[in-house]
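Trainee: Would you mind keeping the following structure in view while I ask a few things?
The values are calculated or read from the model by the stated rules, or taken from the named source; none is laboratory data. What you are looking at is a predicted structure, and each value in this text was computed from that prediction instead of being measured. Glycine gets a Cβ as well: all are built from the backbone with ideal geometry, and neighbour counts include every protein chain shown. Protein only, heavy atoms only, side chains kept; ligands, DNA and RNA dropped before computing areas. Shrake-Rupley method; radii C 1.70, N 1.55, O 1.52, S 1.80 Å.
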Amino acid sequence: MSTIYWNLKEIPIPEDAKRNAYDNQVSKYYKDWQGNRRRYVIGRAVTEKTMHPNSNFRFFYPALWREYYSEDANLQHEKHFGLYALHLGAGYGCGIYPLMHEDFGPESANAMMDYSMYTIDSRSSTTQLIQNSLYEQVLFSRCAWSDSWYSSFFSHKISAERIHAFKMHWLQQCADRGIRTVWLCVDGSNDDCLMQNSSLDAPGPAKSGKNVNIVSYIWAVEAETGRPVTWFVNSGGTHDVKAFPEIIKFLALSNIEVEGVILDRGFVSQDTMDLIEDLGLKFIMMLKTTTNGYCEMMLRHASEIHWQVRHVLQSHRNGLFGIVDKVKLFRSSPTEHYVGLFFDAKNGSTRSIHSIDKVLDEADRLRQILAENPNTNAVVEPKFRKYLSIERSGQKPEVSFDFDTWQRDVDSKGFSAIASSEPYSADELSKRYSMRQASETQFSLLKSQLNGNVIRVHSDAALESRFLCFFISAVLRTEIMLSCQSHQLDINDVLSKANSLCMVLMPDFQYHSVDGYSKQVLTVLNDFGILKEHFNTFLQEVNAAHCEQLFGSSLKQLPANKEPEVPKRRPGRPKGSKNKSTLAREAAEAANKEAQADAPKRRPGRPKGSKNKSTLAREAAEAAKKEAQADAPKRGPGRPKGSKNKSTLVREAAEAAKKEAQADAPKRGPSRPKGSKNKSTLVREAAEAAKKEAQAEVPKSAPDHPNGSNVESNTERDEQRLSHTTARKTGYDSRSSSRLT
């Protein structure tokens, strides 16, 4: 947000501005390129009619500013032009700035150049402070755009089609500059991504180590100079090997002939080898320790080159030993390739000592635990279990070493293997792979110098646009870096000194340059064709824009006895002239003003009291509805009284159908139908019936009565009891045959 000038006097709120009663912000409203209603905050209200202005007020109301304040109120006393000059020279030197004008238009190209200036100077990619950071800089754009403007710019103003066209045109530009045959370094990386509903973010191994979605990108760099050639943004789950074919085919079909590629361990696979061979490219590739080629070379030549001076690389002075042989890169490879095995004595010694110290530290930790409590269950950390164990065979537990495994691991430190399609010597192979440092430099530049390791966007379109700006910034910074390296200068020192080049506002309300320019900065600018004579052109353009903003014209009103110095202007229509459409519009406005001369002055908008079509249609519908409801009694809001919703109607219809189906059925209580029996009763009765049948065949004599009289037999009594039991259960009495209640 622009700074409020609290130290300046209060002024009336302009008639076309509005005050927000909630936070007292005074805003000027407008419509953007999509027709959406937007606003600029021009000050803070103090009362209902007065306010304190900010820098936006000064830009939108220059006449009122001159009326209320003196000419020298809160002016920018310095304008820094060093970064502008460097970017202008680098942009024209490599041809990317004219290309941006052709593909994206002047406004977008200038906005991206300003954004590049900001990221290179502040090493930040966030636009929150971009307006304040560029406040005193000479800009490519007509003003310092705000962070909200850049947010809309990234999301809406650069399409994917234009970005892709720029990629193809840039490759042609590289070819025209002489980049015809190159060894190409290709590498990939990823950034954390917190976008919602994105087609580019996906789960993957985040560099930050967090459990978040990521977006991946792949970068192609010219190996000899480190100049960025092209880039692609991929889904977060896309592995470097899968993204590799697209960028290689894209380059192979351009006017740049890719002689070969230099790849790191992330691209090692049979699929990559097949693709490279299909395209007819040479390759130099660092192998993983698990590949067959690395293991074979270690078995054959590890002891042969370990500190053996006959295999020392004579072009190196850091104790590098190497040998080349032919082996299969993968077990399934149909042919053998050249593989160089290298032993870096300095690196190997450092890593071996570090590994030994780590194992000894773990052994000391275990001994201390066992000394304090021999019966404790001391556990060896997983990464040291192949070297250490705890022996409890004796009276006292001891730490035991597997010296053979430990020795093999220590001896393997410092070794690396590089595969090649050509029969290079070990010395030449090492030199060519060292060109891959250009790719590593670019990724370091992107992440640390340009803050490209953070994605601050909310849509896929904005993500693509942001990576476009990262690429442009990387191209410009690389050109400046190469110029500094040719003169043994540090680029960060040059950028800092370039920012000190400034012009100062003098009492004549004109900017004047101050001598004392850095010799280092002038040396780099001379490489791009920017001379001290061009600084006067910068001064004239800044003064012309300054006077136009401050005084309403490009010239300040000077005394009559002094002839003004006409500043040099850019080509185009003579200043002050108007085209036909402007003249016609102004004539119509003049006629409209004459017709409205007697009408009271009012704020802009629809004539007071008029209504648009939708309002008229709505009011007509409401009037018709009121007439129809005039006789109806007034009721509260909601569904008409007595009406039912769909679910109620469906439920009632189902209940009615159920009642009709049950109308003829006799009403009974809940449970099993009367007279039915469950399974256990049926089983029991069947068992009893079988028992009776078995007993029926065996006659049984009845015992005599104690008094000598006969009584009914047991069988008869059982039958009688069974008859009564059945009668109770069924509801009938065998004696009366009447229904029991």
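Trainee: Restricting to the stretch 294-335, what's the tally of residues that are of a type in the set (S, T, N, Q) and assigned to a helix (DSSP H, G or I)?
Mentor: Residues flagged as of a type in the set (S, T, N, Q) and assigned to a helix (DSSP H, G or I) within the stretch 294-335 amount to 1.
Trainee: Take V504 and decide whether it is open to solvent by less than 40 Å² (accessible area, probe 1.4 Å), touching a His at 6+ places or on another chain (Cβ under 7 Å) and within 19 Å of L139 (Cα to Cα).
Mentor: On the way: open to solvent by less than 40 Å² (accessible area, probe 1.4 Å): yes; touching a His at 6+ places or on another chain (Cβ under 7 Å): yes; within 19 Å of L139 (Cα to Cα): yes.
Criteria met by V504.
Trainee: List every residue pair whose Cβ atoms sit under 9 Å apart, with the two residues 6 or more apart in sequence or on different chains, where the first one lies in the stretch 286-311 and is on the phi > 0 side of the Ramachandran plot and the second, anywhere, is among the aliphatic types (A, V, I, L, M).
Mentor: If the second residue must be among the aliphatic types (A, V, I, L, M), the pairs left are W307/A345.
Matching residues to (1) closer than 26 Å to T537 by Cα; (2) touching a strand residue (DSSP E or B) at 6+ places or on another chain (Cβ under 8 Å); (3) among the β-branched types (V, I, T):
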position: C469; (1), (2), (3): no, no, no
position: I472; (1), (2), (3): yes, no, yes
position: E479; (1), (2), (3): yes, no, no
position: S483; (1), (2), (3): yes, no, no
position: H487; (1), (2), (3): no, no, no
position: V494; (1), (2), (3): yes, no, yes
position: A498; (1), (2), (3): yes, no, no
position: P507; (1), (2), (3): yes, no, no
position: Y511; (1), (2), (3): yes, yes, no
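Trainee: Follow-up. Within 41 Å of the chain's Cα centre (by Cα), outside any helix (DSSP H, G or I) and surrounded by 17 or more Cβ atoms within 10 Å (Cβ to Cβ): is that true of Y338 in this structure?
Mentor: Working: within 41 Å of the chain's Cα centre (by Cα): yes; outside any helix (DSSP H, G or I): yes; surrounded by 17 or more Cβ atoms within 10 Å (Cβ to Cβ): yes.
The answer is yes for Y338.
Trainee: Answer yes if at least one residue in the stretch 57-79 is under 29 Å from the mean Cα position of the chain (by Cα), in contact (Cβ under 8 Å) with a residue 60 or more places away in the chain and part of a helix (DSSP H, G or I), and no otherwise. Talk me through it step by step, then tell me what you get.
Mentor: Filtering the stretch 57-79 for residues under 29 Å from the mean Cα position of the chain (by Cα) gives none.
Within the stretch 57-79 (the criterion being under 29 Å from the mean Cα position of the chain (by Cα), in contact (Cβ under 8 Å) with a residue 60 or more places away in the chain and part of a helix (DSSP H, G or I)), the answer is no, since none of the residues qualifies.
Trainee: Moving to a separate point now. When you look at A438, is it surrounded by 14 or more Cβ atoms within 10 Å (Cβ to Cβ), at pLDDT below 90 and in a loop (DSSP other than H, G, I, E, B), yes or no?
Mentor: In short, no.
Trainee: Read through the list (1) in a helix (DSSP H, G or I); (2) touching a residue at least 24 places away in the same chain (Cβ under 8 Å), then give the number of the only condition that H354 fails.
Mentor: Checking H354 against (1) in a helix (DSSP H, G or I); (2) touching a residue at least 24 places away in the same chain (Cβ under 8 Å), the one that fails is (2).
Trainee: Looking at (1) open to solvent by less than 30 Å² (accessible area, probe 1.4 Å); (2) under 21 Å from K288 (Cα atoms), which one does L299 not meet, given that it meets all the others?
Mentor: For L299, the exception is condition (1).
Trainee: Given the options S148, S141, S133, S152, name the one that is free of Cβ contacts under 8 Å to residues at least 12 places away in the same chain and either more than 22 Å from F232 (Cα to Cα) or touching a Phe, Trp or Tyr at 6+ places or on another chain (Cβ under 6 Å) (or both).
Mentor: From the options S148, S141, S133, S152, the qualifying one is S148.
Okay, residues lined up against (1) open to solvent by 100 Å² or more (accessible area, probe 1.4 Å); (2) part of a loop (DSSP other than H, G, I, E, B); (3) at pLDDT 85 or above:
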position	(1), (2), (3)
A584	no, no, yes
K593	yes, no, no
S614	no, no, yes
D631	yes, yes, no
R639	yes, yes, no
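Trainee: Please determine whether any residue of the stretch 398-411 is closer than 30 Å to M273 by Cβ, buried (at least 18 other Cβ atoms within 10 Å of the Cβ) and touching a helix residue (DSSP H, G or I) at 6+ places or on another chain (Cβ under 9 Å).
Mentor: no
Trainee: Would you call E161 modelled with pLDDT of 70 or more and closer than 19 Å to A474 by Cα?
Mentor: Values: modelled with pLDDT of 70 or more: yes; closer than 19 Å to A474 by Cα: no.
The answer is no for E161.
Trainee: Would you mention how many residues in the stretch 123-145 are open to solvent by 20 Å² or more (accessible area, probe 1.4 Å) and at pLDDT 80 or above?
Mentor: So the answer is 7.
Trainee: Got a number for residues in the stretch 239-288 being open to solvent by less than 10 Å² (accessible area, probe 1.4 Å), out of contact with any Ser or Thr (no Cβ under 8 Å at 6 or more places or on another chain) and not hydrophobic (A, V, I, L, M, F, W, C)?
Mentor: Matching residues across the stretch 239-288 total 1.
Okay, residues lined up against (1) open to solvent by 90 Å² or more (accessible area, probe 1.4 Å); (2) in a strand (DSSP E or B); (3) within 19 Å of W65 (Cα to Cα); (4) in contact (Cβ under 8 Å) with a residue 60 or more places away in the chain:
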{"residue": "L8", "(1), (2), (3), (4)": "no, no, yes, yes"}
{"residue": "D16", "(1), (2), (3), (4)": "no, no, yes, yes"}
{"residue": "A21", "(1), (2), (3), (4)": "no, no, no, no"}
{"residue": "Y30", "(1), (2), (3), (4)": "no, yes, no, no"}
{"residue": "R38", "(1), (2), (3), (4)": "yes, yes, no, no"}
{"residue": "V41", "(1), (2), (3), (4)": "no, yes, yes, no"}
{"residue": "R44", "(1), (2), (3), (4)": "no, yes, yes, no"}
{"residue": "E48", "(1), (2), (3), (4)": "yes, no, no, no"}
{"residue": "M51", "(1), (2), (3), (4)": "no, yes, yes, no"}
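Trainee: Further question: Being modelled with pLDDT of 85 or more and under 13 Å from F81 (Cα atoms) is the filter here; which residues of the stretch 505-530 pass it?
Mentor: Initially, the stretch 505-530 is screened for residues modelled with pLDDT of 85 or more, giving 519-530.
V521, L522, L525, I530, listed by residue number.
Trainee: D114 fails exactly one of the following numbered conditions: (1) open to solvent by 10 Å² or more (accessible area, probe 1.4 Å); (2) modelled with pLDDT of 80 or more. What is the number of that condition?
Mentor: All conditions pass for D114, except number (1).
Trainee: Given the criteria modelled with pLDDT of 80 or more and buried (at least 21 other Cβ atoms within 10 Å of the Cβ), does I418 qualify?
Mentor: Against the criterion (modelled with pLDDT of 80 or more and buried (at least 21 other Cβ atoms within 10 Å of the Cβ)), I418 qualifies.
Trainee: Something else now. Which residue is most open to solvent (accessible area, probe 1.4 Å), if the candidates are limited to the stretch 384-397 and must be of a type outside the set (S, T, Y) and part of a loop (DSSP other than H, G, I, E, B)? Lay out the reasoning, then the answer.
Mentor: Initially, the stretch 384-397 is screened for residues of a type outside the set (S, T, Y), giving 384-386, 388, 390-392, 394-397.
Subsequent filtering for residues that are part of a loop (DSSP other than H, G, I, E, B) retains 385-386, 392, 394-397.
Values: R385: 134, K386: 106, R392: 114, G394: 48, Q395: 195, K396: 146, P397: 19 Å².
Residue satisfying both the conditions and the ranking: Q395.
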